[in-house]
Amino acid sequence: MQKDTVALSTIILKGSPIKLSLQNAAASVAVITSVDINKTDGIILTPVLNKIPGITMQQGALNTNRITIRGIGARSQYGTNKIKAYFDGIPLTSGEGETTIEDIDLASIEKIEIIKGPNTTSFGSGLGGVIQLFSKETPLMEKFGKSTVTFGNFGLLQQRLSAGFSDSKTNLYASHNDIAIDGFRTNSSYKRKSFNLQGKQKISSNGNLSFLGTFTRLKAFIPSSINETDLKNNPEKAASTWAAAKGFESYDKLMLGLGYDHQFSEKWSLQTSVFSNFKKAYEPRPFDILEDKTSSVGFRTNVNYATQLFLMPIEFSFGTELLKENYEFSLFKNLYQSQPGKGSIQGDEFSAINQNRNYSNYFLQMELWLTGKLHLETGVAFNKTKYALEDVFDKNSVAQKTPFTFGSIWSPRMGLSYKVSNGKNMFIAVSKGFSVPAVSETLTPAGQINTDLKPEIGVNYEMGFKGNWLENKLYTEVTFYSTQITNLLVARRTADDQYVGINAGSSSHTGIEFLLNYKLLDDKLFQITPYISGAVNDFKFKEFIDNDVDYSGNQLTGVPENQLNFGLDVITKYGFSVNTSFRTMAKIPLNDSNTKYSEGYSLLDIKTTYAFIILQVLKTELNAGINNVFNTKYAANILPNAVGFGSAAPRYFYPGNPINYYGGLSVAYLF
């Protein structure tokens, strides 16, 4: 039996430029390991992230998701924004703030760290927080080859091959993942192939070189959202227009990164990386057909200096992150109605735009132990974001080619952590964060940049407690926070696929988050660990007037009032384990006026695993599981402020999967 007897407080956070333990961090940070990921079906992060207090991941499909942290980004229409994400230091967030993490192969992830709220100065524009993914490494002095297959309801078939090599200087890990699923809804089949290669090479006694490369090829059909009647009576139905057009999205995506770490002395160290992203996409939709290309190149570096100030340990980190991104898209008429039954048919081009996005962030961070028990964190960041666009279709257009900037934004932060006793810390923090509007939100109906638009600004106040009890058998966290946002950005819908961004007021995000892990039994035969986590939210519009309608005081759209998670993990020395997860989601307001809510729901997932070794070299694992054991009908994702055109009812809902079963087999050969 493989036990996890390490206290959570001893976890070292990798993501911050200055390395610090989870216990001493003056912020609310969630840590997810590959062990946590392996407790699910391994297809998508939704059930993993929804266990984290304050985080909600709504899953409309494998390629239609929205992650919110403390209500930030809840009113986004179709994706995740206002949250930064990285994979081994390479941004997964575009130059305009759109984040996509769902096509990263979960088997290539060793660890995830999530900083909630604007609680870091070193990552710039992420009002909701920062999600950092770290790639898997091959265990020291090990060589292996592994084959895994997972199958399940709705035509699920996932096949994965992975291999690794490690010696005293070199570490390599590679994986190929092929996943296909028909989906339980009409027009919802999904196919994704991905290849990952991660490597580290020690090139001197003080220097290490690292490499990351990922390639993804996706084709995912889109059933879109449906109305309330169809949600209750015919959830497998697709929206009629999307079904008729056989709408889908497809793309090839390549991400490359090269990093170098060097320890010059006991006091000076350097971390630096260069990275690039390429994406070519094609998306037939009922209202048009989109062809787009994205290319970006970036650079990130930080220099650290550690010393003592009046016998007190102190460390500084100063650095920068630069990103230059080019985005080109063309729109074509979709003639699917001219030849019914054949799906989307590309017609004439009617729009073509080039966009250039430039993002720069400079930061200074300091950690100081004021006493043996009192730890100070402070820092400041300086950010500048520029957009420029050119209408290449209309040669007579006066589209703005001169870069437009939202000005320079300063983001300070300060936090204090106090060691009450061994393994128990209290902390307080005050920070300021921001999120700039996406390019699409800055455009007026005439296609010009709205130069009056302002970034959203958030000031965050936070206090919390982290503690180990009962000889590290019990770990608890509780956090109280209040984030006040001004220049609230609202996406006002003007057509089927057109939105205009406006600053319409302010919002208040106040809540309590709590976590409890308890090793109920921990002996040679069994390890039994129950857990509970949750969040109680009070998210409201403080001042919000749109189209002369006053929504002030209403509950924030798109986020539940509370979430609760319960679970029990059982591991035996015989290789058999059981993981259970029961989560509840409260009702969610569907519109700003709070006249319509989704229904709350509860989901139970169960997974069993049996691991054993054959002939001392074949590490084998069998698993089987059930998702949504009680076959609950629920809305897994909602479209905030959906509008019904003509006599059609608003299509607020993406139905969640009914009860579904899966099983898997993996065999690893240890050289």
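The values are calculated or read from the model by the stated rules, or taken from the named source; none is laboratory data. This is a predicted model, so every value here is computed, not measured. Cβ placement follows ideal geometry from the backbone for every residue including glycine, while neighbour counts extend to all protein chains displayed.
For region 111-148, a residue qualifies if it is surrounded by fewer than 24 Cβ atoms within 10 Å (Cβ to Cβ), under 19 Å from the mean Cα position of the chain (by Cα) and assigned to a loop (DSSP other than H, G, I, E, B), and exactly one does: 136.
When residue 217 is tested against (1) modelled with pLDDT under 95; (2) under 21 Å from residue 65 (Cα atoms); (3) not aromatic (Phe, Trp, Tyr), only condition (1) is not met. Does residue 267 meet the test of being at pLDDT 95 or above, within 28 Å of the chain's Cα centre (by Cα) and among the basic types (Lys, Arg)? Taking the combined requirement at face value, the residue does not satisfy it.
For region 334-342, the count of residues that are surrounded by fewer than 15 Cβ atoms within 10 Å (Cβ to Cβ), of a type in the set (Gly, Ala, Ser) and more than 30 Å from residue 428 (Cα to Cα) is at least one. If only residues of region 343-380 that are small (Gly, Ala, Ser) and assigned to a strand (DSSP E or B) are counted, the one that is surrounded by the most Cβ atoms within 10 Å (Cβ to Cβ) is 379. Here residue 217 meets each of (1) touching a residue at least 60 places away in the same chain (Cβ under 8 Å); (2) over 30 Å from residue 596 (Cβ atoms) with one exception, condition (1). Would you check if there is a residue in region 344-352 being within 32 Å of the chain's Cα centre (by Cα) and at pLDDT 95 or above? Among the residues of region 344-352, at least one is within 32 Å of the chain's Cα centre (by Cα) and at pLDDT 95 or above, which makes the answer yes. Looking only at region 163-198, residues that are within 24 Å of the chain's Cα centre (by Cα), in a strand (DSSP E or B) and not charged (D, E, K, R) come to 14 in all.
Residues in region 644-659: is at least one in contact (Cβ under 8 Å) with a residue 40 or more places away in the chain, within 30 Å of residue 163 (Cβ to Cβ), assigned to a loop (DSSP other than H, G, I, E, B) and out of contact with any His (no Cβ under 9 Å at 6 or more places or on another chain)? No, the conditions are met nowhere in region 644-659. Restricted to region 485-500, and to residues there that are in a strand (DSSP E or B) and under 22 Å from the mean Cα position of the chain (by Cα), the residue that is modelled with the lowest pLDDT is 491. Kindly establish whether residue 160 is in a loop (DSSP other than H, G, I, E, B), in contact (Cβ under 8 Å) with a residue 24 or more places away in the chain, surrounded by 21 or more Cβ atoms within 10 Å (Cβ to Cβ) and charged (D, E, K, R). For residue 160, the condition - in a loop (DSSP other than H, G, I, E, B), in contact (Cβ under 8 Å) with a residue 24 or more places away in the chain, surrounded by 21 or more Cβ atoms within 10 Å (Cβ to Cβ) and charged (D, E, K, R) - is not met.
Of the residues making up region 132-182, those that are out of contact with any Phe, Trp or Tyr (no Cβ under 6 Å at 6 or more places or on another chain), of a type in the set (D, E, K, R) and over 20 Å from residue 255 (Cα atoms) are 142, 146, 167, 169.
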